[in-house]
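Student: One structure, as structure tokens, below. Some questions next.
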Amino acid sequence: MTRPDVQWERQPAAEQLVRELVDDFLSRCPEAATLARRMRDETGTRFIDWVDHVARPYNDPYVGRLIAAGFRWKEFENVDPRRRHSKRFTHPAAVVPFIDLIPASNELCVAIRVESVIDFAVSNGLNGPVFGEPLAPARWIEAVGRINDGVALLAAERNGINSYVPFAPTDYVKYAERLTHAERFRTRRREWDNEEAGFDALSALLDASIADLGTDITTRTFFAAEREYWQRRNRAAQFQKARQDRLGLGWANHDHHTYRSSRRHFARLIGLWEKLGFELRERFYAGAEAGWGAQICEHPECGIITFNDVDLSPDELVADFAHDPLPERHALGTVGLWRALHGVSILQAGMHHVECQFEFDAL
């Protein structure tokens, strides 16, 4: 699916509402407020950027502002028996958490998204039950407080699913297949004399994983391996990851993953993302002086975004450069020079960068 006409605008009403909801929660949960301070002081990140969803009761005084702020809702059957017949509010034009309205009259809950609930539990001395099997599509743990007491902070782990389904049958999890394909992605050959052969080999790896696991879990597994490869070659990433791991957070604050490509192989790169179920979003152009542009892609279920950079001229921006072959050039632009130095991002070079959400001054 292509959405080149997406025009992102600021959503101040939605942002203000989410800030008020989170601040209200932090004022009622001292342990969560302490974690928020540690996030800023020790990792340079903001608590609100880690929030996965907020749960409030039906009769909450903030409810009347959700629609006015641009949120839209749908009923869904939550497998947690305490949250049957919940209403989920999402905002189609803003990067904000889910807002769940639940039947319980006294429940106030915020869940932060982490890469691994077990890492979060170990880092924070938690020994309570984890809801959801290992490698399940979604898992969570009560971090501080208890839902039954009315106020609770949860840590949520998502493994290729954007909906809230913490329990899954064992045959869906497919433990051995998950581990097998994760190993194949981590150890895949990246150095190729013939780049076409490299693309063919990667495409075959993705096909095999999709056949076993589907596109959603394959996407999550593949990008975990991509971040690992990038991190091993980036000392700043290693340092920041260690800071975030001390709180058990991992890279769950990633915003987008940036790949740089030759003109010759750009359509093949986009084809790999479409194979995984990514949708084409807006295009970006850095200007005639910079001489490069990007196609932005987003996975609707995993929430993973890629920026895909390539040398472009202004007239090519109006064409379907994501799919139509781009002719070779004798002169290299910004992206072409980077590629000549380091190689193709999807192969030997690794990602150009991973963009994460931070509190800039604190970082």
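The values are calculated or read from the model by the stated rules, or taken from the named source; none is laboratory data. Everything numeric here is computed off the predicted structure, so don't read it as measured data. Here the Cβ positions follow ideal geometry from the backbone for every residue, glycine too, while neighbour counts run over all protein chains shown. Just the protein is used for accessible areas: all its heavy atoms, side chains included, with ligands, DNA and RNA removed. Shrake-Rupley method; radii C 1.70, N 1.55, O 1.52, S 1.80 Å.
Student: Tell me, what is the 1.4 Å probe accessible area of residue 220, in Å² to the nearest 10?
Tutor: 60 Å²
Student: Compute the helix-to-body angle for 266-275: its Cα long axis versus the longest principal axis of the chain, expressed 0 to 90° and rounded to tens.
Tutor: In the chain, helix 266-275 runs at an angle near 40 degrees to the longest axis.
Student: Only loop residues by DSSP count here, and only those with at most 16 other Cβ atoms within 10 Å; note down the GluC sites (Glu not before Pro) in segment 169-244 that meet that.
Tutor: Here the sparse-neighbourhood loop sites are 191.
Student: Spin-label point model (7 Å from Cα, Cβ direction): what's the residue 340 to residue 318 distance in nm?
Tutor: A separation of 3.0 nm, rounded to one decimal place.
Student: Treating only the Cβ atoms of Lys and Arg (+1) and Asp and Glu (-1) as charged, compute the dipole magnitude of the chain about its Cα centre; round to the nearest 20 debye.
Tutor: 640 debye
Student: Between 114, 194, 266, whose Cα lies farthest towards the positive end of the dipole of the chain when Lys and Arg beta carbons carry +1 and Asp and Glu beta carbons carry -1, centred on the Cα centre?
Tutor: Value: 114.
Student: What angle do you read, to the nearest 10 degrees and between 0 and 90, between the alpha-carbon axis of helix 235-246 and the longest principal axis of the chain?
Tutor: Approximately 20 degrees, to the nearest ten.
Student: Sticking with this structure for a sec: Based only on Cα atoms, what mean projected area does the convex hull of segment 218-363 have, in nm²?
Tutor: It is 9.5 nm².
Student: Compute the label zone of residue 13 within segment 44-64: residues whose backbone N is under 18 Å from the point 7 Å along Cα-to-Cβ.
Tutor: Inside the label zone: 61-64.
Student: Bin width 10 Å, alpha-carbon pairs only: give the P(r) of segment 154-311 as whole percents, running from 0 to the bin holding the largest distance.
Tutor: Result, from short to long distances: 9, 34, 38, 16, 2, 0 percent.
Student: Taking a point 7 angstrom from the Cα of residue 331 along the C-beta vector, which residues in segment 281-320 have backbone N less than 12 Å away?
Tutor: 289-291, 313
Student: Kirkwood hydrodynamic radius for segment 259-310: how many Å is it when counted over pairs of different Cα atoms?
Tutor: Hydrodynamic radius (Kirkwood, Cα pairs) of segment 259-310 is 11.3 Å.
Student: What is the Rg over Rh value, at two decimals, for segment 302-347, using alpha-carbon atoms and the Kirkwood definition of Rh?
Tutor: 1.00
Student: How far, in nm, would the chain grow between residue 200 and residue 264 when pulled straight, counting 0.36 nm per residue and subtracting the alpha carbon separation?
Tutor: 21.6 nm
Student: Scaled to the compact-protein estimate 2.2 N^0.38 Å, what is the alpha-carbon radius of gyration of the chain, rounded to two decimal places?
Tutor: The reported ratio for this selection is 1.03.
Student: If you average the alpha carbon positions of segment 299-363 and of segment 87-134, how far apart do those two centres end up, in angstrom?
Tutor: Using only Cα atoms to place each centre, the spacing works out to 33 Å.
Student: For an R0 of 22 angstrom, estimate the FRET efficiency from the Cβ-Cβ distance between residue 357 and residue 31 and round to the nearest 0.05.
Tutor: Here the calculated transfer efficiency is 0.50.
Student: With all protein chains present, how much of the accessible area of the chain (probe radius 1.4 Å) comes from carbon and sulfur, to the nearest whole percent?
Tutor: Heavy-atom surface of the chain belonging to carbon and sulfur, 1.4 Å probe: 52 percent.
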